[in-house]
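For reference, the structure discussed in these notes is given below.
Just so it is clear, none of the values below were taken in a lab; they were calculated from the coordinates. All figures in this text were calculated on a predicted structure; none of them were measured in a lab. Cβ placement follows ideal geometry from the backbone for every residue including glycine, while neighbour counts extend to all protein chains displayed.
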Amino acid sequence: MKKITVFFVFVSIGICFLCIPLYADPVAGKSKNNRDALLQSTYTLTMNAQFGMLWGQAEEQVFYNSDSDRLTSQLLWDVKPLWYTGMNLEFSRKDPAAGPGIFSALSVKFGIPGNSGVMEDRDWLTPGGDLTNYSLHNNLSNGTMFLDLLTGLSAPLGQSLVFRFLLGPSYMHLAWTAYDGYYRYSENSSIPLEDSVPPVPLSGAMISYSQDWFLLICNFSVQLFPNRLFSGILFCNAGPVIRFVAKDDHHEKKSGYYDEISGGYTLEPGGEFRFSPMKNFSLVLHFSWRSVIAASHGSSFSRSAGTGDWIFTGNISGGRFQTMDMGIGLEIRL
């Protein structure tokens, strides 16, 4: 799968550099110097330093069996909030309304480690599917990265609208540690959890969990130019989940779980608002909602304390990641 992701990256970069001459040199037979001059006068590189916040939740799922949609375990990992910093690079026409052109964008974001809400763990282990176990912990986000590389075409409609269609790979890595908190367990797995069961306090790191998402994104956007000072973009990202990998380590039990899933989808509508007080400088406000859902009943593996071997436990895993993204950026056009 790493080879597939690398392939997508090189294909996207290749499309960009192969197509640039088609739009940079509309007249055949021009010299290389003329082509370079035309390219420099037509295209520009834009850099955008970003700072923002994610607000949402990740979900870890375990199904009763490969044929049932009934959950036996669900862990909810808060992202409330997760602060991030990042950088966005764009290669595009200086004047998008002047004609069709190439558009390429590279975006990277890094989460700032810190507390991000709580983690809740529920188990339904009775034959009737009653709640048997519940625990709540503080949630520490300690490793987050988002990487997008999109390449495609832009086409104007009049002087105020520009349409873009982009395609490329996207990668997300998220990691959390649940610590302290408490648990309430029934006496055995055949008895539902009663309200009278008192909470038992916990101290230290309890569970570590990570998600890795490999996505293929199709982006369709409309850029609006009402005047020189203000502009905006409405966009929608959608595409399949190529691969989802999750790992869960229970520190006290010294056991772990590993999930692999192919399939699923991502959907992310959003928009941007730009205020440009100077020709080559803009203040950018960004907002979006991203929902990434893996196909249910993926392959699940486990290992017990004292063993290092992963054992296949069935097609019983699932995963989700859903967040709102609100950010601000300072953009400079070269």
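See the values below:
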| read-out | value |
| --- | --- |
| Gained length - Tyr185 relative to Trp289, 0.36 nm times residue gap less alpha-carbon distance | 33.9 nm |
| Relative packing of 270-277, 80-87, 314-321, which averages over residues the other C-beta atoms within 10 Å, highest first | 314-321, 80-87, 270-277 |
| The chain: angle of helix 2-24 to the longest principal axis, Cα-based, in degrees nearest 10 | 20 |
| For segment 221-334, fraction of C-alpha pairs farther apart than 17 Å, in % | 67 |
| Computed P(r) (all Cα pairs; segment 150-293; 10 Å bins; percent) | 10, 23, 23, 19, 14, 9, 3, 0 |
| Crossing angle, helix 32-42 versus the chain [Cα axis fit, 0-90 degrees, rounded to tens] | 70 |
| Total formal charge among the other residues, if their Cβ is under 14 angstrom from that of Leu334, Lys/Arg +1 and Asp/Glu -1 | +2 |
| Estimated 222 nm signal from helices in the chain, with DSSP H stretches of n ≥ 4 weighted -39500 (n - 2.57), rounded to 500 | -3500 deg cm²/dmol |
| Stokes-Einstein D in µm²/s, Kirkwood radius over Cα pairs - segment 127-197 at 25 °C with 0.890 mPa s viscosity | 140 |
| Selected from Leu215, Leu193, Leu150 as most flexible by GNM, with the chain as the system and alpha-carbon contacts under 10 Å | Leu193 |
| Lysine pair number, Cα distance threshold 24 Å (strictly under), segment 2-333, separation 8 or more or different chains | 10 |
| Dipole moment magnitude, nearest 20 debye, the chain about Cα centre, only Lys, Arg, Asp, Glu C-beta charged | 1840 |
| Enclosed volume per residue, in Å³, of the convex hull spanned by Cα atoms of segment 278-334 | 173 |
| Value in Å of the Kirkwood radius, where the chain supplies the Cα pairs that are averaged | 22.3 |
| Burial ranking of peptide ranges 51-57, 156-162 (average Cβ count within 10 Å, highest at the top) | 51-57, 156-162 |
